[in-house]
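Quick note: the coordinates plus some simple rules give every number you see, no bench work behind them. Fair warning: this is a prediction, and the values are worked out from it, not measured in the lab. Every residue, glycine among them, receives a Cβ derived from its backbone with ideal geometry; neighbour counts consider all protein chains shown.
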Amino acid sequence: MYYRRNGDTISVRLSIGEDIVTSLLELGEKENIGFAQVNGIGAVSRATVGFYNLDKGEYMPKTFDEPMEIVSLLGNMTRKDGKPYLHLHASFSGEDCNVVGGHLTEAIIGVTAEIFVNIIDGEMNRRVHPVTGINIFDI
Ligand code: ZN
């Protein structure tokens, strides 16, 4: 992971084999990020996305083990229990240009990734929503 900070924006470049989720959590720790927007593009060799099944109260993960473009990576970085917490959604497309996507839990870089982390003043924490069981903004 290479990154450069310009004011409140951090530009991130990831290398082959690095995981977006792990790398951004490491960035959040290093730069002490309390709240930020995340967006990016690039290409992966493998990605795992999920759909939150409200009835079961869990994410249904699905792994795509193939080279794909990152059509869009969107989300945010907050804090939970004092540590950086990511909520990312992503869409990917393969050779046929069809798109798959969902709640992102893993994305291994296959070529590169160009990600912007826009830091927002202050800190946003997470708390568990009593009905859905997901970690929501604590506002
Ligand atoms: Zn989500």
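Hand me the GluC sites (Glu not before Pro) from segment 51-102 located in a DSSP loop with no more than 13 other Cβ atoms within 10 Å, in residue order please. Sparse-neighbourhood loop GluC sites (Glu not before Pro): 95. Computed over the Cα atoms of segment 39-139, pair by distinct pair, the Kirkwood hydrodynamic radius stands at 14.7 angstrom. Packing, taken as the mean count of other beta carbons within 10 Å per residue, orders the peptides 105-113, 14-22, 119-127 from highest to lowest as 105-113, 14-22, 119-127. For segment 15-139, relative contact order (Cα pairs under 8 Å, six or more residues apart, normalised by length) works out to 34 percent.
Could you give the size of the charge dipole of the chain about its Cα centre, using +1 on the Cβ of each K and R and -1 on the Cβ of each D and E, expressed in debye and rounded to the nearest 20? Please report the intermediate quantities before stating the final value.
Details: 12 positive and 19 negative charges, 74 e Å.
With only Lys, Arg, Asp and Glu charged at Cβ, the dipole is about 360 debye.
Per the Kirkwood formula applied to alpha carbons, segment 39-82 shows a radius of gyration over Rh ratio, Rg over Rh, of 1.06. Looking at segment 1-80, the trypsin sites (Lys or Arg not before Pro) that sit in a DSSP loop and have at most 12 other Cβ atoms within 10 Å of their own Cβ are 56. Label positions at residue 39 and residue 99, each projected 7 Å from the Cα along the C-beta direction, are separated by 1.4 nm.
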